[in-house]
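We did not get these values from a lab; they are worked out from the coordinates using the rules stated. The model shown is predicted, which means the values in this text are computed figures rather than measured ones. When we count neighbours, we look across all protein chains shown, and the Cβ atoms used for this are built from the backbone with ideal geometry, even at glycine.
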Amino acid sequence: CVVSVTNVPPPDSTIRPGFPVPVNTNNTEVRKAARFGVYRYNNRSNDLFLFKESQIKKAMVQIVRGLKYMLHVEIKRTMCEKRDHSSLDSCHFQREKNLQRMLRCYFEVWITPWTHKVHIPVAHCH
């Protein structure tokens with residue numbers, strides 16, 4: 001059969017289960033997934049200060065019983081101390097030269113929207 005160009009499926013239909021595909025790093029869901037990775041990092045680090053994502057360098061998404069995001073993220077130390085339990089949105093990056101710190105992280109964030117569950121099997125920062 002002949003397929004006309006007007007019947008080209010929308011770009012999202014190219015996402016098939018099992019295949020990771022690149023996704024825009026400014027995408028709202030990607031940014032949320034990156035924040036989950038940062039929470040995981042903050043919960044496990046012994047730093048006095050909270051870190052926050054400064055730049056999402058690369059993002060991929062894979063459909064596997066939900067959405068699995070594979071993210072390369074730069075995170076930086078903020079001025080917020082952990083003990084204050086601040087909202088990261090209101091935390092500014094550290095201004096004092098000797099306290100500034102940037103880490104490169106790889107996060108895998110698995111979100112199953114229908115169960116409202118988030119699982120982070122991989123969170124490596126260096």
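So here's what we get for this one:
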quantity: Environment charge of residue 47, counting only residues whose C-beta is closer than 11 Å and scoring Lys/Arg +1, Asp/Glu -1; calculated: +3
quantity: For the chain, calculated [θ]222 nm from helices alone, where every DSSP H run of n ≥ 4 adds -39500 (n - 2.57); calculated: -4500 deg cm²/dmol
quantity: Virtual spin-label span in nm between residue 44 and residue 21, 7 Å along Cα→Cβ; calculated: 3.0 nm
quantity: Set of aspartates and glutamates near residue 82 by C-alpha distance (under 18 Å), chain-local residues within fewer than 8 positions excluded; calculated: 47, 53, 96
quantity: Segment residue 72-residue 124, extension gain: residue separation times 0.36 nm, minus the distance between their alpha carbons; calculated: 17.7 nm
quantity: Relative contact order [Cα under 8 Å, 6+ residues apart], the chain, whole percent; calculated: 23 percent
